[in-house]
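Okay, structure first, notes after.
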Amino acid sequence: MADAPIERKLLYFAWIRERVGIEQEYVALPGSVSTVSDLLDWLKGRGEEFAHAFEFSNVIRVALDQDHADHDDLIGDAREIAIFPPMTGG
Amino acid sequence: MLKVRVQEDDFDTTTEVAALTHGRTDIGAVATFTGLCRGEGETLSALELEHYPGMAAKQIETAAKAAMERWPIDGMTIIHRHGRIEPGEQIVLVIAASRHRDAAFDGARYVMDFLKTDAPFWKKERRVDGTDAGWVEAKEADDKARERWSNAP
């Protein structure tokens, strides 16, 4: 028997948050999503707002359990996935 | 000794330097960097700093620990504000204390350079008339896709 899919918390910040229209949500990712890049492709297909937010997904940054990740990194068992534009602090 | 705070309230540099050096006789150099909100002529009324709670402090701590391993730094205090900040107000403080000045200068600069690219904060500009002037573009943005995103209305 396959394990139940992990429920992940997705967090959106700055203009990505504005475009998707939500701050956070809980989702179970489909089995086809294994890398950060897969995740961004999947998100892009979730409707007009997501298509708009993820149109240029190469610039988007992702953190897995609060650590920066590259687009080819595996998502693994990360529970908290944050998606945001390049940072402008300091 | 490392102290990192992410807060909405303003900070007082003199108080923070005194807290870092209190009772210490081994420190010979304290370098401080303060980042302020710059007005853009008469048009900018405020910055609104969004942040990712938890990760923001964690990334600053990572940078500070790396600096403290790299140079002989005896203490650091880093404070980064979030929320609404008006021109002339303080945004960020980095204090590095060491036996000698080189480590203090280098450590403070290292942490600031890291903060700019890796600490999850985002600045939105608000105009004097209250309208949204968009998100500040990341300076390392050099590819067309990124520019296009950042300049989008």
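The values are calculated or read from the model by the stated rules, or taken from the named source; none is laboratory data. Only a predicted model underlies this, so the values are computations on that prediction, with no experimental measurement involved. Quick reminder, even Gly has a Cβ in these numbers, built from the backbone with ideal geometry, and neighbours come from all protein chains shown. Surface areas here come from the heavy atoms of the whole protein model, side chains and all, with no ligands, DNA or RNA. Shrake-Rupley method; radii C 1.70, N 1.55, O 1.52, S 1.80 Å.
Which one is surrounded by the fewest Cβ atoms within 10 Å (Cβ to Cβ) among residues in segment A:1-47 that are in contact with a Lys or Arg (Cβ under 8 Å, 6 or more places away or on another chain) and within 14 Å of chain B (Cβ to nearest Cβ)? For segment A:1-47, the residue satisfying everything is A:E23.
Of all residues being facing another protein chain (nearest Cβ under 10 Å) and of a type in the set (A, V, I, L, M, F, W, C) in segment B:49-65, which is most open to solvent (accessible area, probe 1.4 Å)? Just the residue, please. My answer is B:A57. Residues in segment B:31-48 that are open to solvent by 60 Å² or more (accessible area, probe 1.4 Å) and either over 27 Å from B:E86 (Cβ atoms) or polar (S, T, N, Q) (or both): B:T32, B:T43.
For beta carbons closer than 7 Å, sequence separation of 6+ or different chains, a first residue in segment A:53-75 that is of a type in the set (S, T, Y) and a second that is open to solvent by less than 70 Å² (accessible area, probe 1.4 Å) and at pLDDT 95 or above, the qualifying pairs are A:S57/A:L40; A:S57/A:K44.
Among all positions in segment A:48-57, there is no residue which is under 10 Å from the mean Cα position of the chain (by Cα) and exposed (fewer than 15 other Cβ atoms within 10 Å of the Cβ). Within segment A:1-40, track down each residue that is in contact (Cβ under 8 Å) with a residue 60 or more places away in the chain and among the hydroxyl-bearing types (S, T, Y). Within segment A:1-40, A:Y12 is the sole residue that qualifies.
May I ask you to verify whether A:G89 is over 13 Å from the mean Cα position of the chain (by Cα) and either open to solvent by less than 20 Å² (accessible area, probe 1.4 Å) or not polar (S, T, N, Q) (or both)? Here the answer is yes, as A:G89 does meet what is asked.
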